[in-house]
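Read the structure below first, then the notes.
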C-alpha cells in the first residue's frame, strides 16, 4: 500500500517563528514530492517540489528530502498569520509499467500562526 | 497565463442521477488529472489523461469515468450518484504528466448529492 502520512495537527506556531511540517511515505520507489497549501474553501496551491535528497530553498520556504528515511519536511521561516492553512504533502509513486501513479496525498497538517 | 478552470463550480444532484464536470487545463498543458476531496478520505486520485488516453486510474468504481478531448480539455462523469459522492472534485493540469511534472489545481467543483 502506497501511503503518505502527516500529523493532522493543529500545529500552533507564534508569528515570526519557524514552522516545521513533516511527512513520511511508504514506497522507496517514490519519484517526486510536493507541498501544497490549502486555505479553507479553496483548492490546493503548489508551494514547492523536491526530487533529490537534501534541501531546497525558495524564499521563506525550505523543503527537505531524506530518501533513506522516507521523510519529507517543509520549513517556513518568519511565519506570518497568512501562512495559517492546511499543508498537504504529496508523493508521486512509480507504477508497475515504469511510469508514475497519480499524486498520493497525506491528510494534511493544519497550521495556525498565532499573532 | 490563465489557470485551470472548472465548470460548474457548484452542483446539487439527487441520488441516482448522473453528472458531468468539465476542466480546461492551463494553455500548453497536455495532462489532466482528477481528484476527489472529502473530509474523511482527504484528496484521492481518480484518473489521469494525456493525449486523449487514460494513463492512470485510482481505486474508484466504474461509475466514475472521464475523457479528454484533442484540445486537452477534460470531462469526468459520475453515473448513478450516491450520497457518498458528495465531495469537492478537483482537476489538475501539468505539461506532460511526467514523473517530476508539477500539477496545478483548478478551483474545483463542489458536488452535493441529496
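Residue-wise test of (1) surrounded by 21 or more Cβ atoms within 10 Å (Cβ to Cβ); (2) modelled with pLDDT of 95 or more; (3) more than 14 Å from every other protein chain (Cβ to nearest Cβ); (4) assigned to a loop (DSSP other than H, G, I, E, B).
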| position | (1), (2), (3), (4) |
| --- | --- |
| A:7 | no, no, no, yes |
| A:13 | no, yes, yes, no |
| A:36 | yes, yes, no, no |
| A:90 | yes, yes, no, no |
| A:112 | no, yes, yes, no |
In segment B:65-110, how many are within 14 Å of chain A (Cβ to nearest Cβ) and in a strand (DSSP E or B)? 15
When you look at residue B:47, is it surrounded by 13 or more Cβ atoms within 10 Å (Cβ to Cβ), assigned to a loop (DSSP other than H, G, I, E, B) and within 14 Å of chain A (Cβ to nearest Cβ), yes or no? no
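Per-residue answers, yes or no, for (1) assigned to a strand (DSSP E or B); (2) away from chain B (no Cβ under 14 Å); (3) surrounded by fewer than 16 Cβ atoms within 10 Å (Cβ to Cβ):
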{"residue": "A:20", "(1), (2), (3)": "yes, yes, yes"}
{"residue": "A:33", "(1), (2), (3)": "yes, no, no"}
{"residue": "A:40", "(1), (2), (3)": "no, no, yes"}
{"residue": "A:47", "(1), (2), (3)": "yes, no, no"}
{"residue": "A:57", "(1), (2), (3)": "yes, yes, yes"}
Return yes when residue B:13 is within 29 Å of residue A:99 (Cα to Cα), surrounded by fewer than 19 Cβ atoms within 10 Å (Cβ to Cβ) and either touching a residue at least 40 places away in the same chain (Cβ under 8 Å) or out of contact with any helix residue (DSSP H, G or I) (no Cβ under 8 Å at 6 or more places or on another chain) (or both) and no when it is not. no
Just to be sure, is residue A:27 more than 10 Å from chain B (Cβ to nearest Cβ), touching a residue at least 12 places away in the same chain (Cβ under 8 Å) and surrounded by fewer than 18 Cβ atoms within 10 Å (Cβ to Cβ)? yes
Take residue A:79 and tell me if it is assigned to a loop (DSSP other than H, G, I, E, B), surrounded by 18 or more Cβ atoms within 10 Å (Cβ to Cβ), without any contact (Cβ under 8 Å) to a residue 12 or more places away in the chain and over 15 Å from the mean Cα position of the chain (by Cα). no
What about residue A:64, is it modelled with pLDDT under 95 and over 25 Å from residue B:87 (Cα atoms)? no
What tally of residues in segment B:53-64 results from selecting those that are surrounded by 13 or more Cβ atoms within 10 Å (Cβ to Cβ) and over 12 Å from residue B:76 (Cα atoms)? 5
Among the residues of segment B:65-76, which ones are over 15 Å from residue B:21 (Cβ atoms) and surrounded by fewer than 18 Cβ atoms within 10 Å (Cβ to Cβ)? B:70, B:71
Determine if segment B:16-36 includes at least one residue that is out of contact with any helix residue (DSSP H, G or I) (no Cβ under 7 Å at 6 or more places or on another chain), within 11 Å of another protein chain (Cβ to nearest Cβ) and either free of Cβ contacts under 8 Å to residues at least 40 places away in the same chain or not in a strand (DSSP E or B) (or both). no
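The values are calculated or read from the model by the stated rules, or taken from the named source; none is laboratory data. None of these values were measured; they are calculated from a predicted model. Neighbour counts are summed over all protein chains in view; Cβ atoms, including those assigned to glycine, are modelled from backbone coordinates with ideal geometry.
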